[in-house]
Amino acid sequence: MPDIGWMELLVIGVVALIVVGPKDLPVMFRKFGQFTGKLRSMARDFQRAMNDAADEAGVSDINRDLRKATQYARNPAKAGMDAFKDTMGDPFELDPTKYDEGSETRRIAEEKLANAKKLRDQIDARNAAKAAPPTATDARDADGADAPAPAPAATEPTKS
C-alpha cells in the first residue's frame, strides 16, 4: 500500500477542490466512498469464497496437521506421550473408585494408579535434578573424598 502522509492528503484535497469545485466535491467524495465500499465488499466475498474452496479441498486439515507436526519436531518426547495417551489413555487419570469394592479390576486399577504416581514422582525428581545447577559436592564420591583426577595419557617413545 502506498505510504501517504498528511501533507500528501492535504495537497490531493486542495487539487480536488480546485479541479472539481466546492459545489460538487461532497458528491465526488460520497461516490468515492461508495466505490471503495463496493471494492471492500468484493474483496471480502472473494476471500470467503477462497476459504470455502480451501475447506472443501481439505487444506485446513493439512494446515492443522502441518502445525501439529512442526510442534512435535521441536519436542519429540511430547509427540510420543501424546500418541501414548491417545492410544492408552492418561495413566494419571485412572479412577479405581468407579469399580466395585473388592473386585479384581479395582485392585489392578489401584496398583496401576500407585505405580503411575511413583513414576510421576521419579520423573519430577529427575527433572528437578536436571534443572538444578551443579554444586561443589557433585565432584565428590559417595564416601566424601574428592574424586580421583584422570590418569595422564600414555606417550609413545620417539624414535631418533
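The values are calculated or read from the model by the stated rules, or taken from the named source; none is laboratory data. On a predicted model such as this, the values are computed, not experimentally measured, just so you know. Cβ coordinates were reconstructed from backbone atoms using ideal geometry, including for glycine residues, and neighbour counts include every protein chain displayed.
Surrounded by 10 or more Cβ atoms within 10 Å (Cβ to Cβ) and modelled with pLDDT of 75 or more: is that true of ALA125 in this structure?
yes
Contact list please: Cβ distance under 8 Å, first residue in the stretch 121-138 and over 16 Å from ALA77 (Cβ atoms), second residue at pLDDT below 85 and assigned to a loop (DSSP other than H, G, I, E, B), pairs at least six apart or on different chains.
Within 8 Å, no pair qualifies.
Yes/no matrix, rows are residues, columns are (1) farther than 30 Å from ALA114 by Cα; (2) not small (Gly, Ala, Ser):
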site	(1), (2)
PRO26	yes, yes
LYS31	yes, yes
MET42	yes, yes
ALA57	yes, no
PHE84	no, yes
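Among the residues of the stretch 24-59, which ones are at positive phi and modelled with pLDDT of 85 or more?
none
Scan (1) surrounded by 10 or more Cβ atoms within 10 Å (Cβ to Cβ); (2) modelled with pLDDT under 90; (3) farther than 25 Å from ILE123 by Cβ for the single condition ASP100 breaks and write down its number.
Going through the list (1) surrounded by 10 or more Cβ atoms within 10 Å (Cβ to Cβ); (2) modelled with pLDDT under 90; (3) farther than 25 Å from ILE123 by Cβ, ASP100 breaks only (1).
Checking ASP95 against (1) modelled with pLDDT under 80; (2) not assigned by TED's automatic domain parsing to the domain that holds LYS118, only one condition comes out false. Which one?
The single condition ASP95 does not satisfy is (2).
Suppose we filter ILE62, ILE108 for residues that are outside the structural domain of ASN127 (by TED's automatic domain parsing) and either more than 22 Å from ASN127 (Cα to Cα) or modelled with pLDDT of 85 or more (or both); which single one remains?
That would be ILE62, the only listed residue that is outside the structural domain of ASN127 (by TED's automatic domain parsing) and either more than 22 Å from ASN127 (Cα to Cα) or modelled with pLDDT of 85 or more (or both).
Checking the conditions here, which among ALA69, ALA109, ALA79 is among the hydrophobic types (A, V, I, L, M, F, W, C) and loosely packed, with under 11 Cβ neighbours inside 10 Å?
The unique qualifying residue is ALA69.
Report yes if some residue within the stretch 56-79 is out of contact with any helix residue (DSSP H, G or I) (no Cβ under 9 Å at 6 or more places or on another chain) and outside any helix (DSSP H, G or I); otherwise report no.
yes
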